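Asker: I'd like to ask some things about the structure below.
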């Protein structure tokens, strides 16, 4: 009856990051930090978990002599998010 929820996306901050990336496709670390109100350290850890799972790609580069980290959602990330949303729907309407 109830579908399993993806434990990786069941974290509030990781879900927030994926939700933002679903809408904008790619974003700078500073944008994600601002929108989620997360600390840089915590956000960095959660981004690495999403990257290790293949849900996002992370590119580190320089822009105007400053380091820049850009996160981009992958096809696997989109599929996982859609699966998570569908699983949540099974909890909202448990009798079918």
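Just so it is clear, none of the values below were taken in a lab; they were calculated from the coordinates. Because the structure is a prediction, the values reported are computed rather than measured. Glycine also receives a Cβ, built like all others from the backbone with ideal geometry; neighbour counts cover every protein chain displayed.
Asker: With no solvent and one equal point scatterer per Cα, compute the Debye intensity ratio I(q)/I(0) for segment 12-90 at 0.14, 0.19, 0.21 Å⁻¹ and report its log10, rounded to two decimals.
Answerer: Debye output, listed in q order: -0.43, -0.77, -0.92.
Asker: Using Cα pairs under 8 angstrom and six or more residues apart, how large is the relative contact order of the chain, in percent? Display every interim value, and only then the final one.
Answerer: On the way: 104 pairs, mean separation 35.8, N = 96.
Reported relative contact order: 37 percent.
Asker: Taking R0 as 35 Å, what's the FRET efficiency between residue 51 and residue 92 from their Cβ-Cβ distance, rounded to 0.05?
Answerer: So, using R0 = 35 Å, E works out to roughly 0.70.
Asker: A further question on this structure: Say each of residue 22 and residue 85 gets a label point 7 Å from the Cα, pointing the same way as Cα to Cβ; how far apart are those two points in nm?
Answerer: That separation, rounded to one decimal, is 0.4 nm.
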